[in-house]
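Structure, as C-alpha coordinates:
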Amino acid sequence: MDHFAYKEGKLSAEDVALETIALEVGTPVYVYSTATLKRHFQVFSEAFQGVHALVCFAVKANSNQAVLRTLAREGAGADVVSLGELTRALMAGIPGDRIVFSGVGKTPEEMHAALRAGIKQFNAESEAELEVLNLVAGEMGLTAPVSVRVNPDVDAKTHAKISTGKSENKFGIPWQRVDAVYARIKELEHLEAVGVDLHIGSQLTDLAPFREAFAKVVTLVKDLRAKGHDIRHIDLGGGLGIPYDPEQAAPPAPAEYGTMIREVLGDLDCGIILEPGRLIAGNAGVLVTRMLYEKKGVDRTFYILDAAMNDLGRPAMYDAYHAIVPVREAETDATLEADFVGPVCESSDTFAKARKTTPLKAGDLVAIKSAGAYGAVMSSTYNSRPLVPEVLVDDTRYAVVRKRQSLEELLSLDEVPTWLTGSG
Ligand SMILES: *Cc1c(COP(=O)(O)O)cnc(C)c1O
(Lines give C-alpha, C1' and ligand atoms only; values in the text may rest on other atoms or scores of the structure.)
Protein backbone atom coordinates (compact mmCIF):
# COMPACT_ATOMS: atom_id res chain seq x y z
CA MET A 1 0.00 0.00 0.00
CA ASP A 2 1.23 3.48 -0.73
CA HIS A 3 0.15 7.03 -0.04
CA PHE A 4 -0.11 8.28 -3.62
CA ALA A 5 -3.74 8.88 -4.56
CA TYR A 6 -5.97 11.31 -6.42
CA LYS A 7 -7.43 13.97 -4.19
CA GLU A 8 -9.96 16.22 -5.88
CA GLY A 9 -8.65 15.06 -9.21
CA LYS A 10 -4.99 15.75 -8.41
CA LEU A 11 -2.50 12.97 -7.85
CA SER A 12 -1.04 13.63 -4.44
CA ALA A 13 1.73 12.31 -2.25
CA GLU A 14 -0.04 12.17 1.11
CA ASP A 15 -1.64 15.64 1.28
CA VAL A 16 0.58 17.41 -1.23
CA ALA A 17 -0.49 17.65 -4.87
CA LEU A 18 2.34 16.55 -7.17
CA GLU A 19 1.42 19.45 -9.42
CA THR A 20 2.34 21.88 -6.64
CA ILE A 21 5.78 20.31 -6.33
CA ALA A 22 6.30 20.23 -10.09
CA LEU A 23 5.45 23.92 -10.36
CA GLU A 24 7.78 24.94 -7.57
CA VAL A 25 10.70 22.56 -8.09
CA GLY A 26 10.39 21.91 -11.82
CA THR A 27 10.48 18.61 -13.66
CA PRO A 28 11.66 15.91 -13.75
CA VAL A 29 11.55 15.44 -9.98
CA TYR A 30 11.53 12.43 -7.69
CA VAL A 31 8.91 12.60 -4.93
CA TYR A 32 8.99 10.29 -1.89
CA SER A 33 6.31 9.71 0.72
CA THR A 34 7.32 9.52 4.38
CA ALA A 35 4.14 7.68 5.42
CA THR A 36 4.78 5.03 2.76
CA LEU A 37 8.41 4.53 3.78
CA LYS A 38 7.38 4.14 7.40
CA ARG A 39 4.49 1.85 6.60
CA HIS A 40 6.62 -0.45 4.47
CA PHE A 41 9.28 -0.63 7.15
CA GLN A 42 6.70 -1.38 9.86
CA VAL A 43 4.84 -4.02 7.85
CA PHE A 44 8.11 -5.71 7.02
CA SER A 45 9.39 -5.60 10.61
CA GLU A 46 6.10 -6.90 11.98
CA ALA A 47 6.45 -9.97 9.80
CA PHE A 48 9.32 -11.04 12.09
CA GLN A 49 7.75 -10.44 15.46
CA GLY A 50 8.97 -12.97 17.97
CA VAL A 51 12.12 -13.66 15.95
CA HIS A 52 15.40 -12.04 16.88
CA ALA A 53 15.58 -9.98 13.70
CA LEU A 54 17.54 -6.93 12.57
CA VAL A 55 16.17 -5.16 9.50
CA CYS A 56 18.97 -3.45 7.59
CA PHE A 57 17.70 -1.25 4.76
CA ALA A 58 19.72 -1.84 1.59
CA VAL A 59 21.06 1.66 1.11
CA LYS A 60 21.83 1.09 -2.56
CA ALA A 61 18.08 1.18 -3.28
CA ASN A 62 17.76 4.78 -2.10
CA SER A 63 20.60 6.53 -0.34
CA ASN A 64 19.12 9.98 0.15
CA GLN A 65 20.00 11.26 3.62
CA ALA A 66 16.40 12.25 4.34
CA VAL A 67 15.12 8.80 3.39
CA LEU A 68 17.78 7.15 5.54
CA ARG A 69 17.02 9.38 8.46
CA THR A 70 13.30 8.61 8.14
CA LEU A 71 14.07 4.90 8.32
CA ALA A 72 16.69 5.30 11.04
CA ARG A 73 14.03 6.87 13.24
CA GLU A 74 11.91 3.77 12.73
CA GLY A 75 14.78 1.67 14.01
CA ALA A 76 16.24 0.53 10.71
CA GLY A 77 19.79 -0.68 10.36
CA ALA A 78 21.64 -0.41 7.06
CA ASP A 79 23.19 -2.72 4.50
CA VAL A 80 25.95 -0.78 2.78
CA VAL A 81 28.24 -1.62 -0.13
CA SER A 82 30.70 1.26 -0.25
CA LEU A 83 32.44 3.88 1.87
CA GLY A 84 29.98 6.41 0.48
CA GLU A 85 26.99 4.40 1.64
CA LEU A 86 28.61 3.70 5.01
CA THR A 87 29.19 7.41 5.49
CA ARG A 88 25.62 8.23 4.50
CA ALA A 89 24.22 5.64 6.92
CA LEU A 90 26.33 6.93 9.80
CA MET A 91 25.44 10.54 8.98
CA ALA A 92 21.76 9.60 8.99
CA GLY A 93 22.13 8.43 12.57
CA ILE A 94 22.20 4.68 12.01
CA PRO A 95 24.48 3.26 14.70
CA GLY A 96 27.48 1.21 13.59
CA ASP A 97 26.26 -1.90 15.34
CA ARG A 98 23.21 -1.90 13.05
CA ILE A 99 25.25 -1.71 9.86
CA VAL A 100 26.37 -4.63 7.72
CA PHE A 101 28.86 -4.21 4.89
CA SER A 102 28.24 -6.23 1.71
CA GLY A 103 29.83 -6.20 -1.73
CA VAL A 104 32.42 -8.12 -3.70
CA GLY A 105 35.17 -5.51 -3.81
CA LYS A 106 35.73 -3.83 -0.47
CA THR A 107 38.96 -1.84 -0.37
CA PRO A 108 41.28 -1.68 2.65
CA GLU A 109 40.20 1.94 3.10
CA GLU A 110 36.57 0.87 3.32
CA MET A 111 37.40 -1.91 5.75
CA HIS A 112 39.28 0.53 7.93
CA ALA A 113 36.35 2.98 8.07
CA ALA A 114 33.87 0.20 8.79
CA LEU A 115 36.00 -1.23 11.59
CA ARG A 116 36.37 2.21 13.10
CA ALA A 117 32.58 2.59 13.00
CA GLY A 118 32.20 -0.71 14.84
CA ILE A 119 29.88 -2.28 12.30
CA LYS A 120 27.89 -5.40 13.07
CA GLN A 121 29.52 -7.51 10.41
CA PHE A 122 31.34 -7.75 7.12
CA ASN A 123 29.64 -9.98 4.59
CA ALA A 124 32.72 -11.52 3.02
CA GLU A 125 32.56 -12.45 -0.62
CA SER A 126 35.94 -14.02 -1.26
CA GLU A 127 38.86 -15.72 0.43
CA ALA A 128 41.22 -13.04 -0.78
CA GLU A 129 39.09 -10.37 0.84
CA LEU A 130 39.17 -12.20 4.18
CA GLU A 131 42.97 -12.22 4.16
CA VAL A 132 43.04 -8.46 3.59
CA LEU A 133 40.38 -7.83 6.24
CA ASN A 134 42.44 -9.82 8.73
CA LEU A 135 45.47 -7.62 8.00
CA VAL A 136 43.55 -4.37 8.29
CA ALA A 137 41.87 -5.44 11.55
CA GLY A 138 45.25 -6.57 12.89
CA GLU A 139 46.84 -3.19 12.14
CA MET A 140 44.03 -1.55 14.08
CA GLY A 141 44.29 -4.03 16.95
CA LEU A 142 40.69 -5.13 16.37
CA THR A 143 38.77 -8.26 15.52
CA ALA A 144 36.48 -8.08 12.50
CA PRO A 145 33.10 -9.82 12.80
CA VAL A 146 32.44 -11.69 9.56
CA SER A 147 29.74 -13.66 7.84
CA VAL A 148 30.64 -15.53 4.71
CA ARG A 149 28.32 -14.83 1.83
CA VAL A 150 27.59 -18.23 0.45
CA ASN A 151 26.41 -18.87 -3.07
CA PRO A 152 23.68 -21.50 -2.68
CA ASP A 153 23.46 -22.11 -6.45
CA VAL A 154 19.73 -21.50 -6.56
CA ASP A 155 17.86 -20.00 -9.49
CA ALA A 156 15.99 -16.94 -8.20
CA LYS A 157 13.84 -16.90 -11.37
CA THR A 158 14.14 -13.16 -11.73
CA HIS A 159 15.69 -10.90 -14.38
CA ALA A 160 19.20 -12.15 -15.28
CA LYS A 161 20.79 -8.81 -14.36
CA ILE A 162 19.48 -8.99 -10.79
CA SER A 163 19.92 -12.71 -10.19
CA THR A 164 22.85 -13.30 -7.83
CA GLY A 165 22.58 -16.76 -6.29
CA LYS A 166 23.64 -19.04 -9.15
CA SER A 167 27.13 -20.47 -9.28
CA GLU A 168 27.86 -18.53 -12.47
CA ASN A 169 27.22 -15.19 -10.70
CA LYS A 170 30.15 -13.28 -9.24
CA PHE A 171 28.58 -13.22 -5.78
CA GLY A 172 29.34 -15.29 -2.73
CA ILE A 173 31.66 -18.15 -2.03
CA PRO A 174 30.97 -21.40 -3.86
CA TRP A 175 29.11 -23.90 -1.75
CA GLN A 176 31.94 -26.43 -2.07
CA ARG A 177 34.47 -23.98 -0.54
CA VAL A 178 32.42 -22.83 2.43
CA ASP A 179 33.77 -25.36 4.94
CA ALA A 180 37.37 -24.59 4.07
CA VAL A 181 36.74 -20.85 4.31
CA TYR A 182 35.27 -21.05 7.80
CA ALA A 183 38.21 -23.22 8.81
CA ARG A 184 40.57 -20.56 7.48
CA ILE A 185 38.71 -17.81 9.39
CA LYS A 186 39.35 -19.75 12.56
CA GLU A 187 43.07 -19.63 11.84
CA LEU A 188 43.09 -15.90 11.24
CA GLU A 189 43.67 -14.06 14.47
CA HIS A 190 41.76 -10.89 13.68
CA LEU A 191 38.60 -12.42 12.24
CA GLU A 192 35.64 -13.89 14.02
CA ALA A 193 32.92 -15.80 12.18
CA VAL A 194 29.61 -14.69 13.64
CA GLY A 195 27.16 -15.66 10.92
CA VAL A 196 26.33 -16.86 7.46
CA ASP A 197 25.09 -14.58 4.71
CA LEU A 198 23.31 -14.96 1.38
CA HIS A 199 21.38 -12.84 -1.10
CA ILE A 200 20.05 -14.64 -4.14
CA GLY A 201 18.61 -11.82 -6.18
CA SER A 202 16.17 -8.98 -6.41
CA GLN A 203 12.50 -8.59 -7.33
CA LEU A 204 11.68 -12.22 -6.53
CA THR A 205 7.98 -12.87 -6.95
CA ASP A 206 7.89 -16.43 -5.64
CA LEU A 207 8.90 -17.77 -2.23
CA ALA A 208 10.16 -21.12 -3.55
CA PRO A 209 13.74 -20.04 -4.43
CA PHE A 210 14.07 -18.28 -1.05
CA ARG A 211 12.83 -21.38 0.75
CA GLU A 212 15.24 -23.62 -1.13
CA ALA A 213 18.23 -21.38 -0.44
CA PHE A 214 17.36 -20.69 3.21
CA ALA A 215 16.86 -24.40 3.92
CA LYS A 216 20.33 -25.08 2.54
CA VAL A 217 21.78 -22.43 4.81
CA VAL A 218 20.00 -23.76 7.90
CA THR A 219 21.67 -27.13 7.27
CA LEU A 220 24.96 -25.34 6.82
CA VAL A 221 24.61 -23.49 10.13
CA LYS A 222 24.04 -26.76 11.99
CA ASP A 223 27.04 -28.22 10.27
CA LEU A 224 29.28 -25.25 11.08
CA ARG A 225 28.17 -25.22 14.70
CA ALA A 226 28.98 -28.92 14.96
CA LYS A 227 32.48 -27.97 13.79
CA GLY A 228 32.82 -25.46 16.60
CA HIS A 229 31.94 -22.19 14.84
CA ASP A 230 29.80 -19.92 16.99
CA ILE A 231 27.23 -18.96 14.34
CA ARG A 232 24.83 -16.51 15.95
CA HIS A 233 22.82 -15.21 13.04
CA ILE A 234 21.96 -15.71 9.40
CA ASP A 235 21.79 -12.74 7.06
CA LEU A 236 19.06 -13.69 4.61
CA GLY A 237 19.66 -10.73 2.28
CA GLY A 238 16.91 -8.81 0.51
CA GLY A 239 15.10 -9.44 -2.70
CA LEU A 240 11.41 -9.76 -1.93
CA GLY A 241 9.60 -8.30 -4.94
CA ILE A 242 7.02 -5.54 -5.10
CA PRO A 243 4.02 -4.98 -7.36
CA TYR A 244 5.00 -2.81 -10.34
CA ASP A 245 2.21 -3.73 -12.74
CA PRO A 246 -1.25 -3.53 -11.18
CA GLU A 247 -2.51 -6.04 -13.79
CA GLN A 248 -0.11 -8.73 -12.55
CA ALA A 249 -0.52 -10.89 -9.48
CA ALA A 250 1.15 -9.24 -6.49
CA PRO A 251 4.29 -10.90 -5.07
CA PRO A 252 3.97 -12.62 -1.67
CA ALA A 253 3.33 -10.23 1.21
CA PRO A 254 5.99 -9.71 3.90
CA ALA A 255 3.83 -11.69 6.35
CA GLU A 256 3.98 -14.77 4.09
CA TYR A 257 7.71 -14.31 3.68
CA GLY A 258 8.06 -14.09 7.47
CA THR A 259 6.00 -17.22 8.00
CA MET A 260 8.09 -19.13 5.49
CA ILE A 261 11.30 -18.03 7.23
CA ARG A 262 9.96 -19.10 10.63
CA GLU A 263 9.13 -22.50 9.15
CA VAL A 264 12.53 -22.94 7.59
CA LEU A 265 14.38 -21.84 10.72
CA GLY A 266 12.39 -24.27 12.85
CA ASP A 267 14.02 -24.63 16.24
CA LEU A 268 17.39 -23.38 15.07
CA ASP A 269 18.29 -20.93 17.78
CA CYS A 270 19.67 -18.24 15.53
CA GLY A 271 19.06 -14.54 14.97
CA ILE A 272 18.40 -13.20 11.51
CA ILE A 273 19.35 -10.11 9.56
CA LEU A 274 17.22 -8.96 6.64
CA GLU A 275 18.28 -6.53 3.92
CA PRO A 276 15.18 -5.27 2.12
CA GLY A 277 15.70 -2.37 -0.27
CA ARG A 278 13.11 -2.28 -3.02
CA LEU A 279 10.33 -3.45 -0.71
CA ILE A 280 10.79 -0.44 1.55
CA ALA A 281 11.48 2.31 -0.97
CA GLY A 282 10.19 1.17 -4.38
CA ASN A 283 6.56 2.12 -4.09
CA ALA A 284 7.35 5.04 -1.79
CA GLY A 285 8.53 7.17 -4.71
CA VAL A 286 7.42 8.46 -8.09
CA LEU A 287 9.20 10.35 -10.84
CA VAL A 288 7.13 13.33 -11.96
CA THR A 289 7.80 14.38 -15.51
CA ARG A 290 6.25 16.70 -18.05
CA MET A 291 5.24 15.69 -21.53
CA LEU A 292 7.10 17.84 -24.02
CA TYR A 293 5.66 16.67 -27.32
CA GLU A 294 3.35 14.25 -28.95
CA LYS A 295 4.76 12.76 -32.13
CA LYS A 296 2.90 10.62 -34.61
CA GLY A 297 5.02 7.75 -35.90
CA VAL A 298 4.13 5.56 -38.84
CA ASP A 299 2.18 3.09 -36.76
CA ARG A 300 2.35 4.51 -33.25
CA THR A 301 2.15 7.58 -31.09
CA PHE A 302 5.16 8.76 -29.08
CA TYR A 303 4.71 10.72 -25.90
CA ILE A 304 8.03 12.48 -25.40
CA LEU A 305 8.75 13.26 -21.75
CA ASP A 306 11.30 15.54 -20.13
CA ALA A 307 12.59 12.61 -18.04
CA ALA A 308 14.95 10.12 -19.61
CA MET A 309 16.87 6.90 -19.05
CA ASN A 310 19.63 8.82 -17.27
CA ASP A 311 17.09 9.86 -14.62
CA LEU A 312 15.39 6.47 -14.27
CA GLY A 313 17.36 3.63 -15.81
CA ARG A 314 15.28 0.60 -14.87
CA PRO A 315 13.24 0.26 -18.07
CA ALA A 316 16.38 0.51 -20.23
CA MET A 317 18.48 -1.75 -17.99
CA TYR A 318 16.02 -4.39 -16.87
CA ASP A 319 13.08 -4.04 -19.27
CA ALA A 320 11.25 -2.99 -16.13
CA TYR A 321 7.59 -2.16 -16.10
CA HIS A 322 6.59 1.12 -14.44
CA ALA A 323 3.00 2.30 -14.31
CA ILE A 324 2.64 5.79 -15.81
CA VAL A 325 -0.34 7.85 -14.70
CA PRO A 326 -1.54 11.39 -15.34
CA VAL A 327 -1.04 13.84 -12.50
CA ARG A 328 -4.45 15.39 -13.30
CA GLU A 329 -7.01 12.63 -13.12
CA ALA A 330 -8.35 11.90 -16.60
CA GLU A 331 -11.83 13.18 -17.29
CA THR A 332 -12.47 10.54 -19.90
CA ASP A 333 -12.43 6.75 -19.92
CA ALA A 334 -11.16 6.75 -23.50
CA THR A 335 -7.78 5.11 -23.93
CA LEU A 336 -5.19 4.80 -26.63
CA GLU A 337 -1.75 3.23 -26.92
CA ALA A 338 1.41 5.28 -26.78
CA ASP A 339 5.15 4.80 -26.38
CA PHE A 340 6.46 6.91 -23.48
CA VAL A 341 10.00 7.96 -24.33
CA GLY A 342 12.68 10.35 -23.11
CA PRO A 343 14.87 12.83 -25.03
CA VAL A 344 18.13 10.87 -24.79
CA CYS A 345 19.75 9.71 -28.02
CA GLU A 346 19.25 5.97 -27.48
CA SER A 347 16.38 3.79 -28.59
CA SER A 348 16.47 2.17 -25.16
CA ASP A 349 15.39 5.52 -23.73
CA THR A 350 11.83 4.21 -23.60
CA PHE A 351 9.78 4.01 -20.41
CA ALA A 352 6.89 2.07 -21.91
CA LYS A 353 5.96 0.64 -25.29
CA ALA A 354 2.39 0.49 -26.61
CA ARG A 355 1.14 1.47 -23.18
CA LYS A 356 -2.59 1.89 -22.71
CA THR A 357 -3.20 5.40 -21.46
CA THR A 358 -5.78 8.13 -21.39
CA PRO A 359 -4.97 10.72 -24.06
CA LEU A 360 -2.33 13.24 -23.01
CA LYS A 361 -1.16 16.45 -24.55
CA ALA A 362 2.03 18.48 -24.49
CA GLY A 363 2.46 20.20 -21.14
CA ASP A 364 0.66 17.52 -19.13
CA LEU A 365 2.39 16.09 -16.08
CA VAL A 366 2.66 12.35 -15.54
CA ALA A 367 3.97 10.28 -12.66
CA ILE A 368 6.15 7.26 -13.33
CA LYS A 369 5.31 5.07 -10.38
CA SER A 370 7.36 2.67 -8.24
CA ALA A 371 10.46 4.82 -8.75
CA GLY A 372 11.60 5.09 -5.13
CA ALA A 373 14.13 2.26 -5.36
CA TYR A 374 16.94 2.02 -7.92
CA GLY A 375 15.76 5.32 -9.38
CA ALA A 376 17.62 8.45 -8.30
CA VAL A 377 20.55 6.36 -7.02
CA MET A 378 21.20 4.99 -10.49
CA SER A 379 20.81 8.29 -12.30
CA SER A 380 23.63 9.71 -14.38
CA THR A 381 24.35 12.84 -16.33
CA TYR A 382 24.40 11.11 -19.71
CA ASN A 383 23.72 13.56 -22.54
CA SER A 384 24.97 16.28 -20.12
CA ARG A 385 21.64 16.25 -18.34
CA PRO A 386 22.06 17.48 -14.74
CA LEU A 387 20.94 15.20 -11.90
CA VAL A 388 17.29 15.76 -11.02
CA PRO A 389 16.04 16.83 -7.59
CA GLU A 390 14.41 14.71 -4.91
CA VAL A 391 11.55 15.86 -2.70
CA LEU A 392 10.30 14.28 0.52
CA VAL A 393 6.65 14.72 1.48
CA ASP A 394 5.46 14.34 5.05
CA ASP A 395 1.72 14.79 5.43
CA THR A 396 0.97 18.36 4.29
CA ARG A 397 4.58 19.54 4.07
CA TYR A 398 7.40 18.83 1.68
CA ALA A 399 11.05 19.66 1.29
CA VAL A 400 13.65 19.41 -1.45
CA VAL A 401 16.03 16.75 -0.11
CA ARG A 402 18.43 16.86 -3.05
CA LYS A 403 18.55 19.97 -5.09
CA ARG A 404 18.66 19.96 -8.82
CA GLN A 405 22.23 19.96 -10.07
CA SER A 406 22.95 23.13 -11.97
CA LEU A 407 24.57 23.08 -15.34
CA GLU A 408 27.49 25.04 -13.84
CA GLU A 409 28.04 22.36 -11.19
CA LEU A 410 27.96 19.65 -13.81
CA LEU A 411 30.31 21.39 -16.22
CA SER A 412 32.71 22.58 -13.54
CA LEU A 413 33.85 18.98 -12.98
CA ASP A 414 35.70 19.10 -16.29
CA GLU A 415 39.08 20.70 -16.46
CA VAL A 416 40.72 21.69 -19.68
CA PRO A 417 44.54 21.40 -19.67
CA THR A 418 46.44 24.58 -20.31
CA TRP A 419 47.89 23.26 -23.56
CA LEU A 420 44.38 23.39 -24.99
CA THR A 421 43.40 26.77 -23.67
CA GLY A 422 46.48 28.46 -25.10
CA SER A 423 47.48 29.95 -21.74
CA GLY A 424 50.18 27.39 -20.91
C1 LIG B 1 20.71 -5.33 -3.67
C2 LIG B 1 20.92 -6.05 -2.41
C3 LIG B 1 19.93 -6.06 -1.42
C4 LIG B 1 18.59 -5.42 -1.61
O5 LIG B 1 17.82 -6.06 -2.56
P6 LIG B 1 16.29 -5.65 -2.77
O7 LIG B 1 15.85 -6.47 -3.91
O8 LIG B 1 16.27 -4.21 -3.05
O9 LIG B 1 15.57 -5.99 -1.51
C10 LIG B 1 20.21 -6.70 -0.24
N11 LIG B 1 21.39 -7.31 -0.02
C12 LIG B 1 22.38 -7.33 -0.94
C13 LIG B 1 23.66 -8.00 -0.63
C14 LIG B 1 22.17 -6.70 -2.17
O15 LIG B 1 23.13 -6.74 -3.09
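The values are calculated or read from the model by the stated rules, or taken from the named source; none is laboratory data. Predicted model, so just to flag it, every value in this text is computed and none were measured. Here Cβ is always computed from backbone atoms with ideal geometry, including for glycine, and neighbour counts include all displayed protein chains. Side chains included, ligands, DNA and RNA excluded: accessible areas come from the protein's heavy atoms. Shrake-Rupley method; radii C 1.70, N 1.55, O 1.52, S 1.80 Å.
If packing is taken as the average count of other Cβ atoms within 10 Å, what order do 389-395, 171-177 fall into, highest mean first?
Final packing ranking: 389-395, 171-177.
Tabulate in residue order the Karplus-calculated ³J(HN,Hα) for the stretch 18-30, using 6.51 cos²θ - 1.76 cosθ + 1.60 with θ = phi - 60°, rounded to whole Hz; enter x for Gly and Pro.
Taking θ as phi minus 60°, the curve returns 4, 4, 4, 5, 4, 5, 7, 9, x, 10, x, 8, 7 Hz for the stretch 18-30.
Where the centroid of each part is defined by its Cα atoms, how far is the stretch 69-113 from the stretch 362-424 in Å?
Comparing the Cα centres of the stretch 69-113 and the stretch 362-424, I get a distance of 24 Å.
With each pseudo-label sitting 7 Å past Cα toward Cβ, what's the ARG116-LYS361 distance in nm, one decimal?
Taking the two extended label points, one gets 5.9 nm.
Antiparallel versus total DSSP beta bridges in the chain: what percent is that, nearest 5?
50 percent
Got a number for the accessible area of SER167? Probe 1.4 Å, square angstrom, nearest 10.
Surface open to solvent at SER167 totals about 80 Å².
Evaluate the charge dipole of the stretch 103-274 about its Cα centre and quote only its size in Debye, nearest 20, assuming +1 on the Cβ of each Lys and Arg and -1 on the Cβ of each Asp and Glu. Write down the numbers at each step before the final one.
Details: 18 positive and 26 negative charges, 24 e Å.
Here the stretch 103-274 has a charge dipole of around 120 debye.
Once phi is turned into θ = phi - 60°, what whole-Hz ³J(HN,Hα) does the Karplus curve with 6.51, -1.76 and 1.60 give for every residue of the stretch 111-122, x standing for Gly and Pro?
So the Karplus estimates, Gly and Pro as x, are 4, 4, 5, 5, 5, 4, 7, x, 5, 5, 6, 9 Hz.
Search the structure for amide H atoms under 5 Å from the amide H of GLY277, placed 1.01 Å from N in the peptide plane, and list their residues when 5 or more places away or on another chain.
Amide H neighbours of GLY277: ALA58, GLY239.
So which GluC sites (Glu not before Pro) in the stretch 314-359 pass both tests, a DSSP loop state and at most 11 other Cβ atoms within 10 Å of the Cβ? If you can, show how the numbers build up before the last one.
Values: sites: GLU329, GLU331, GLU337, GLU346; in loops: GLU329, GLU331, GLU346.
Of the GluC sites (Glu not before Pro), the ones in loops of the stretch 314-359 whose Cβ has at most 11 other Cβ atoms within 10 Å are GLU331.
Order of 33-39, 206-212 by packing, highest average Cβ count within 10 Å first?
Highest mean packing first, the order is 33-39, 206-212.
Suppose R0 equals 56 Å; then what is the FRET efficiency for LEU407 and ASP155 from their Cβ-Cβ distance, rounded to the nearest 0.05?
That pair, LEU407 with ASP155, gives E of 0.80.
Leaving out ligands, DNA and RNA, and with a 1.4 Å probe, what % of the accessible surface on the stretch 103-274 is carbon or sulfur?
51 percent
What are the residues whose amide H is under 5 Å from the amide H of TYR293, where those residues sit 5 or more places off or on another chain and H is modelled from the backbone?
ILE304
Where nothing but the Cβ of Lys and Arg (+1) and of Asp and Glu (-1) is charged, how large is the charge dipole of the chain around its Cα centre, in debye to the nearest 20?
It works out to roughly 180 debye.
What is the distance, in nm, between label points placed 7 Å from the Cα along the Cα-to-Cβ direction at THR87 and at TYR318?
Inter-label distance under the simple model: 2.7 nm.
In the chain, with Lys and Arg counted as +1 and Asp and Glu as -1 at Cβ, which of these residues, SER348, VAL221, ALA371, has the Cα nearest the positive end of the dipole, that is, farthest along it?
Going by the charge dipole, the pick is ALA371.
Averaged per residue, what accessible area in Å² does the stretch 1-158 show with a 1.4 Å probe, protein chains only?
It amounts to 39 Å² per residue over the stretch 1-158.
Based on the alpha-carbon gyration tensor of the chain and its eigenvalue square roots a ≥ b ≥ c, which shape applies: rounded if a/c is under 1.5, prolate if not and a/b is larger than b/c, or oblate?
Prolate.
Nearest-5 percent of antiparallel DSSP beta bridges in the stretch 73-206?
Working: 1 of 17 bridges.
Taking every DSSP beta bridge with both residues in the stretch 73-206, the antiparallel ones total about 5 percent.
Using the Cα gyration tensor of the stretch 1-135, with a ≥ b ≥ c the square roots of its eigenvalues, what is the shape: rounded (a/c below 1.5), prolate (a/b larger than b/c) or oblate (neither)?
prolate
Would you please classify the overall shape of the stretch 103-274 from the alpha carbon gyration tensor, given that a ≥ b ≥ c denote the square roots of the eigenvalues, rounded means a/c under 1.5, and beyond that prolate means a/b larger than b/c while oblate covers the rest?
Verdict is prolate for the stretch 103-274.
Out of residues 5 or more away from ASP197 or on other chains, whose amide H comes under 5 Å of its own, with H placed 1.01 Å from N in the peptide plane?
The answer is VAL148, ARG149, VAL150, ASP235.
Which residue, chosen from PHE171, GLY239, TYR182, occupies the Cα position most advanced towards the positive end of the dipole of the stretch 161-311, where the dipole is computed from +1 (Lys, Arg) and -1 (Asp, Glu) charges on Cβ about the Cα centre?
Looking along the dipole axis, the top candidate is PHE171.
Using only the Cα atoms of the stretch 231-348, what do you get for the radius of gyration and for Dmax, in Å?
Spelled out, the Cα radius of gyration and Dmax of the stretch 231-348 are 20.1, 64 Å.
Once R0 is set to 51 Å, what does the formula 1/(1 + (r/R0)^6) return for the Cβ-Cβ distance between LYS170 and GLU24, expressed as a FRET efficiency to the nearest 0.05? Don't jump to the answer; show the numbers that get you there.
Working: r = 44 Å, r/R0 = 0.85.
So the FRET efficiency works out to roughly 0.70.
Hey, which of these cross-link pairs are over 30 Å Cα-Cα: LYS60/LYS296; LYS10/LYS157; LYS106/LYS216? Don't jump to the answer; show the numbers that get you there.
Working: LYS60/LYS296 38 Å; LYS10/LYS157 38 Å; LYS106/LYS216 26 Å.
From LYS60/LYS296; LYS10/LYS157; LYS106/LYS216, over 30 Å: LYS60/LYS296; LYS10/LYS157.
For the stretch 316-407, with only Lys/Arg (+1) and Asp/Glu (-1) charged at the beta-carbon, what is the dipole magnitude about the Cα centre, in debye rounded to 20?
About 320 debye.
Could you order peptides 401-414, 302-315 by the average number of other Cβ atoms within 10 Å of their residues, highest first?
302-315, 401-414
Put +1 on the Cβ of each Lys and Arg and -1 on the Cβ of each Asp and Glu in the chain; which of PHE4, LEU83, CYS56 then has its Cα farthest toward the positive end of the dipole?
Of the candidates, PHE4 comes out farthest on the positive side.
Suppose R0 equals 41 Å. What FRET efficiency, 1/(1 + (r/R0)^6) with r the Cβ-Cβ distance, do GLU127 and THR418 give to the nearest 0.05?
Computed FRET efficiency for GLU127 and THR418 comes out at 0.30.
Apply the Karplus parameterisation 6.51 cos²θ - 1.76 cosθ + 1.60, with θ equal to phi minus 60°, to every residue of the stretch 174-185 and state each ³J(HN,Hα) to the nearest whole Hz, in sequence, with x for glycine and proline.
Calculated HN-Hα couplings, in order: x, 3, 5, 9, 4, 4, 4, 5, 5, 5, 5, 4 Hz.
Accessible area, 1.4 Å probe, largest first: how do ASP153, ASP349 sort?
The residues order as ASP153, ASP349, largest area first.
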